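Scroll down for the structure; my scribbles are underneath it.
The values are calculated or read from the model by the stated rules, or taken from the named source; none is laboratory data. From a predicted model like this one, the values you see are computed outputs, not experimental measurements. Cβ placement follows ideal geometry from the backbone for every residue including glycine, while neighbour counts extend to all protein chains displayed.
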Amino acid sequence: MNTKKWIAAAMVAGMTLSASAGAYAAANIETIKAQLNHGLGFVVNGQTYAPKDASGNSLDPIVYRDTTYLPVRALGEALNVPVTYDASAQKVVIGKSGSGSGPVVKPDPQASAGLVNVTYTAEQKQAAKKAFAAFDGFTTPYAPMQAVKGDVFRSVAAGGDSVTYVFDKMKVSIAPRDDSFGYDLTPVTLSNGVKGNWYKPAGTDMLTFPLGDRFVTIFSEKGTLSKAQIQQAAVHVAKASF
């Protein structure tokens with residue numbers, strides 16, 4: 001779905017943005033009665049998404065006078081659209097601001113590069129099935145379904161206790177156990193609500209997270225992908241219908 005159209009639709013439905021009450025003049029604040037809709041789910045680009053605030057707390061839509069208000073900052077992050085608050089102008093800025101309306105927001109070019117679907121050939125699918133079949137109780141194939149635009153899938157094979165998909169810019173290993181044990185961990189919550197950890201063996205940043213009955217580890221061996229890009233690709237690793 002076109003990102004700009006999606007954001008526009010979200011804005012029509014309504015928005016919430018974290019900002020302190022002190023940022024507004026008292027005359028502009030009105031007390032209302034509204035409800036939180038805990039049952040409304042989100043799907044972003046075909047994937048289930050759970051909005052979170054900066055502290056990792058869940059954000060539920062607000063219903064007010066039959067209108068549903070969405071957490072625009074969290075959704076903007078999920079869609080790689082920067083959302084900022086210009087306190088001096090009392091404006092919410094989505095994307096880059098227009099001339100004379102505050103500073104221009106410059107998103108990370110790596111983080112906004114976007115994702116593309118990974119297309120596997122019949123031969124590559126067979127190789128993945130063969131790799132997973134080598135493990136007892138671990139035969140169901142999982143695979144990265146999307147990769148950063150410009151990356152190219154090269155191969156998949158079993159090695160040690162894992163199956164690894166090799167791309168030009170990243171490697172995705174799927175194993176029955178968590179290899180991050182014993183390392184210093186930096187917790188992270190992915191855009192789909194899954195909790196994982198960053199760790200750094202041998203100087204390489206690696207992201208690991210649980211998926212079903214196994215663990216996925218993603219890293220960019222040459223450092224050509226940012227952490228944001230790796231986290232984007234991570235939410236698109238899923239059970240494959242090979």
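Entry remark, the range 190-242: residues being closer than 24 Å to T139 by Cβ and hydroxyl-bearing (S, T, Y) number 3 in total. Restricting attention to the range 109-161, the residues being assigned to a loop (DSSP other than H, G, I, E, B) and of a type in the set (G, A, S) number 8. The single residue among D168, D179, D136, D161 that is closer than 19 Å to W198 by Cβ and surrounded by fewer than 19 Cβ atoms within 10 Å (Cβ to Cβ) turns out to be D179. Screening F209 on (1) touching a Ser or Thr at 6+ places or on another chain (Cβ under 8 Å); (2) crowded, with 17+ Cβ neighbours inside 10 Å shows it passes everything except condition (1).
Taken as a whole, the condition of being loosely packed, with under 13 Cβ neighbours inside 10 Å and either at pLDDT 80 or above or in a loop (DSSP other than H, G, I, E, B) (or both) does not apply to G102. Of all residues in the range 191-233, those satisfying the criterion of being closer than 18 Å to V148 by Cβ, more than 18 Å from the chain's Cα centre (by Cα) and either charged (D, E, K, R) or in a helix (DSSP H, G or I) (or both) are E221, K222.
Within the range 73-91, the residues that satisfy the criterion of being surrounded by fewer than 16 Cβ atoms within 10 Å (Cβ to Cβ) and either closer than 11 Å to S191 by Cα or not polar (S, T, N, Q) (or both) are D86, A87, A89, K91.
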